[in-house]
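One structure is given here, and the rest of the page talks about it.
All of the numbers you see were taken from the coordinates with simple rules; none came from a lab. Just so you know, these numbers come straight off a predicted model, no measurement behind them. Cβ sites come from the backbone with ideal geometry, for glycine too, and all protein chains shown count toward neighbours.
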Amino acid sequence: MTTYTLHLPGDARPGDPAALEEAELVKDAFSWGAFFFTFLWFFFHRLWLAGLAVLVLILAFGGLLELLDVHPAAGTVATLLLQVLIGLEANSLRRWTLSRRGYRLADVVTAADSDEADAKACARWLAQRPAPIPTRNPAPGPVPSTLKRPDPVIGLFPDAERPR
């Protein structure tokens with residue numbers, strides 16, 4: 001089972017089916033696409049700032065390996081470790097970009113695949129009903145007897161009610 005997060009625009013009202021048109025479902029797992037294609041994966045998902053940051057990181061890392069005259073085998077291992085890091089953090093950067101665009105986390109769903117997660121998230125979202133907006137202020141009701149103050153005060157100051 002994999003965890004997915006549902007992100008909706010900030011102005012979406014609970015239960016509104018129109019908000020699902022702009023919804024984003026993000027998998028909370030390792031991203032093989034980001035591992036193999038690095039910055040291209042970010043550009044494909046329209047994560048421009050994160051993609052540019054990853055591109056600069058990769059170029060700077062390669063330049064640093066050349067500057068330090070690292071053995072090619074060690075450079076390959078270091079580059080693979082960098083790609084593993086990018087694969088691990090890709091979906092977190094995607095969620096960060098969505099929050100920068102005004103999207104908010106609406107739900108977290110556990111499912112076997114993305115289709116099941118999409119169905120569960122949509123069903124949960126549509127099951128919510130917006131709170132009714134009151135047209136007038138309701139009249140205050142009677143005070144329940146459980147809210148009345150007990151007669152004796154127990155503690156360090158038993159005469160707390162007595163004026164001095």
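For the range 46-70: of the residues being in contact (Cβ under 8 Å) with a residue 40 or more places away in the chain and part of a helix (DSSP H, G or I), which is farthest from N91 (Cα to Cα)?
Looking at residues that are in contact (Cβ under 8 Å) with a residue 40 or more places away in the chain and part of a helix (DSSP H, G or I), I get L49.
Looking only at the range 57-95, count every residue that is surrounded by 14 or more Cβ atoms within 10 Å (Cβ to Cβ) and closer than 25 Å to R124 by Cβ and tell me the total.
Matching residues across the range 57-95 total 3.
May I ask you to say which residue of L20, L49, L67 is touching a Cys at 6+ places or on another chain (Cβ under 7 Å), at negative phi and of a type outside the set (D, E)?
Only one candidate passes the filter, namely L20.
Identify the residue in the range 104-128 that is under 17 Å from P9 (Cα atoms) and not in a helix (DSSP H, G or I) and, among all such residues, is nearest to the chain's Cα centre (by Cα).
Result: L105.
Quick one: which of A19, A50 is surrounded by 14 or more Cβ atoms within 10 Å (Cβ to Cβ), touching a strand residue (DSSP E or B) at 6+ places or on another chain (Cβ under 8 Å) and over 23 Å from T2 (Cα atoms)?
Result of the check over A19, A50: A19.
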